[in-house]
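The values are calculated or read from the model by the stated rules, or taken from the named source; none is laboratory data. Note that this is a predicted model, so its numbers are computed, not measured. Glycine also receives a Cβ, built like all others from the backbone with ideal geometry; neighbour counts cover every protein chain displayed. Accessible surface areas use protein heavy atoms only, side chains included; no ligands, DNA or RNA. Shrake-Rupley method; radii C 1.70, N 1.55, O 1.52, S 1.80 Å.
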Amino acid sequence: MQRLKDKIRNIPDFPEAGIQFKDITPLLKDPSTLRLAVHQLIFPYLGEEITAVAGMEARGFIFGSLVAWELGVSFVPLRKPGKLPSSVETASYDLEYGSSNLEIHTDALSKDDRVLLIDDLIATGGTAAASCQLIEKLGAEVAACAFIVELDELKGREQLSGYRVHSLLHY
Ligand code: AMP
C-alpha cells in the first residue's frame, strides 16, 4: 500500500484555500501501480455477482472503466447536469467545495443489476450518497462502494451507512 500511497500527490490549497487536493495523476502515469490499484479495488468482490460498475464524473470514469473492463461487466457513467443526452434521473449533493447535481440515464440499469460504485476519493460522502440514490432510483442494488482514497476526518462513510464501503488508502 505504501507503493500506492507514493503515487498520490498532495496539492495544498487547490482548488481553493484550505483544501488538501489528492492528485491521482502520478498513479495514472505508472502502469504497474495503476494495475495494482485496480486489482485491489476489485479484490473484495471477486466471486460475487456484480453486473455493472458505476463511476462518477470525472475521475470515477477512469477507475470505474478500468474496474468494469477487468470484471467484464458494463460501465455506467454518472454525469454532471446537462451532459447525458437521453432521459435522466437526477440527485443533488454537497461537495467539500460547492454543490451540484448528478445524473444517470434512466435505461442505464434495471432491477436485475448489482452495481459496484467506484470513485477516486471519498471526502464528505455527498457524491457517493447521491450516486447510490441514482442507482436505487432505477431499481438496481448497490453491491458496494469502493474508493482509492478516503479522507477519514470528513466522515464520508457516515453518509453511506447501510452500504459496504471499502477504501484502499486512508488520510
Ligand atoms: P465528496 O462528495 O465530498 O465525498 O467528494 C468526493 C468527490 O469530490 C470525488 O469525486 C473527488 O474526486 C472530489 N474530491 C473531493 N475532495 C477532494 C480532495 N481533497 N482531493 C481530490 N478530490 C476531491
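For the chain, give the share of DSSP beta bridges that are antiparallel, in percent and rounded to the nearest 5; count only bridges with both residues there. Expressed as a percentage, antiparallel bridges in the chain total about 35. Multiplying the residue separation of Leu154 and Ser92 by 0.36 nm and subtracting their alpha-carbon distance yields 20.4 nm. With a 10 Å cut-off between alpha carbons and a GNM built on the chain, which of Pro81, Pro26, Pro12 moves the most? Result: Pro12 has the largest fluctuation of those listed. Restricting the trypsin sites (Lys or Arg not before Pro) of segment 80-171 to loop positions (DSSP other than H, G, I, E, B) with no more than 15 neighbouring Cβ atoms within 10 Å leaves Lys83, Lys111, Lys155, Arg164.
Extension gain, Arg164 to Ile11: 0.36 nm times the residue separation minus the Cα-Cα distance gives 52.2 nm. Ranking Pro77, Leu27, Gln40 by how far each Cα lies toward the positive end of the dipole of the chain (charges on Cβ) leaves Leu27 at the top. Applying a DSSP loop filter and a limit of 14 other Cβ atoms within 10 Å to the chymotrypsin sites (Phe, Trp or Tyr not before Pro) in segment 45-105 leaves Tyr97. For the chain, the relative contact order works out to 18 percent when only alpha carbon pairs closer than 8 Å and six or more residues apart are counted.
For the chain, the solvent-accessible area of protein heavy atoms averages 49 Å² per residue (probe radius 1.4 Å; ligands and nucleic acids excluded). In segment 49-170, taking the dipole from charged Cβ atoms about the Cα centre, the farthest positive-side position among Ala68, Ala143, Gly162 is held by Ala68. Taking θ as phi - 60° and the Karplus parameters 6.51, -1.76 and 1.60, the scalar couplings of segment 143-154 work out to 6, 5, 10, 10, 9, 6, 10, 10, 8, 4, 6, 7 Hz in sequence order, x denoting glycine and proline.
Among the lysines, select those whose C-alpha is under 30 Å from the C-alpha of Lys5, and discard any that sit fewer than 8 residues away in the same chain. Answer for Lys5, where 30 Å is the Cα cut-off: Lys22, Lys29, Lys80, Lys155, listed by chain and number.
Note on Ser65 and Arg35: with the Förster distance fixed at 22 Å, the Cβ-Cβ geometry gives a FRET efficiency of about 0.95.
The GluC sites (Glu not before Pro) of segment 15-77 meeting both criteria, a DSSP state outside H, G, I, E and B (loop) and at most 12 other C-beta atoms within 10 angstrom of the site's C-beta, are Glu16, Glu48, Glu49.
Here the Kirkwood formula, the inverse mean of 1/r across different C-alpha pairs, assigns segment 87-128 a hydrodynamic radius of 12.0 Å.
Translational D (Stokes-Einstein, µm²/s) of the chain at 37 °C and 0.692 mPa s when Rh comes from the Kirkwood sum over C-alpha pairs? Estimated diffusion coefficient is 204 µm²/s. For a straight C-alpha distance cut-off of 12 angstrom, the aspartates and glutamates reachable from Lys111 (same-chain residues fewer than eight places away being disregarded) are Glu136, Glu141.
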